[in-house]
Amino acid sequence: MPREFEWQEETLGSEDFYREDIEDLLEEGAWKEGFNEWAEYTNLDEADVRIVSDLGLFHAFDFYWDPTEDRLRFDAPTIPDDWRERNVAESLDSSTVSMIDSELDDLGDTVHEELEDYLERNDEASDYGWGEETYGKREE
């Protein structure tokens with residue numbers, strides 16, 4: 001279940017987060033395009049990116065359709081609370097952890113925007129069924 005998701009009595013049991021469909025769009029290029037755009041302006045240096053990669057945080061993003069709010073959402077991963085015990089990196093300190101967490105949120109926002117662009121491109125009829133009749137109007 002998504003981190004920020006709250007079950008609603010009127011939809012209980014009928015939730016479909018469309019993760020497989022969204023994963024297809026990410027693999028089609030939404031992830032790469034969003035990641036490349038984010039990489040152009042991120043404040044993370046190569047060592048920080050290596051830490052994020054070593055912790056598997058790039059793979060831990062959760063993009064999903066929120067049926068109660070009828071919109072695309074995401075949960076960004078964060079550096080684990082036990083990063084000190086894991087000896088992730090000697091240069092890692094609490095301000096760097098905060099910066100990395102913030103940059104991961106920015107990455108999520110950027111990929112989220114790319115996914116919305118992909119949804120708009122597929123809005124008519126598509127293999128995914130993405131469209132207003134399926135998902136309603138998206139918030140702009």
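The values are calculated or read from the model by the stated rules, or taken from the named source; none is laboratory data. Every value quoted in this text rests on a predicted model; they were computed, and no experiment measured them. Ideal geometry is used to build each Cβ from the backbone, glycine not excepted, and the neighbour counts take in all protein chains shown.
If you go through the range 34-47 one residue at a time, do you hit one that is under 20 Å from TYR118 (Cα atoms), in a helix (DSSP H, G or I) and without any contact (Cβ under 8 Å) to a residue 60 or more places away in the chain? Checked against the condition, which is being under 20 Å from TYR118 (Cα atoms), in a helix (DSSP H, G or I) and without any contact (Cβ under 8 Å) to a residue 60 or more places away in the chain, the range 34-47 yields at least one hit. Consider the range 92-128 and keep the residues that are under 15 Å from GLU27 (Cα atoms) and aliphatic (A, V, I, L, M). The one that is modelled with the lowest pLDDT is LEU119. Annotation: of all residues in the range 30-49 being surrounded by fewer than 13 Cβ atoms within 10 Å (Cβ to Cβ) and among the charged types (D, E, K, R), the one that is nearest to ILE100 (Cα to Cα) is ASP45.
Matching residues to (1) farther than 16 Å from LEU104 by Cα; (2) at pLDDT below 80:
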position: ASP45; (1), (2): no, no
position: VAL49; (1), (2): no, no
position: ASP54; (1), (2): no, no
position: PHE58; (1), (2): no, no
position: PHE61; (1), (2): no, no
position: TYR64; (1), (2): yes, no
position: GLU69; (1), (2): yes, yes
position: THR78; (1), (2): no, no
position: GLU90; (1), (2): yes, yes
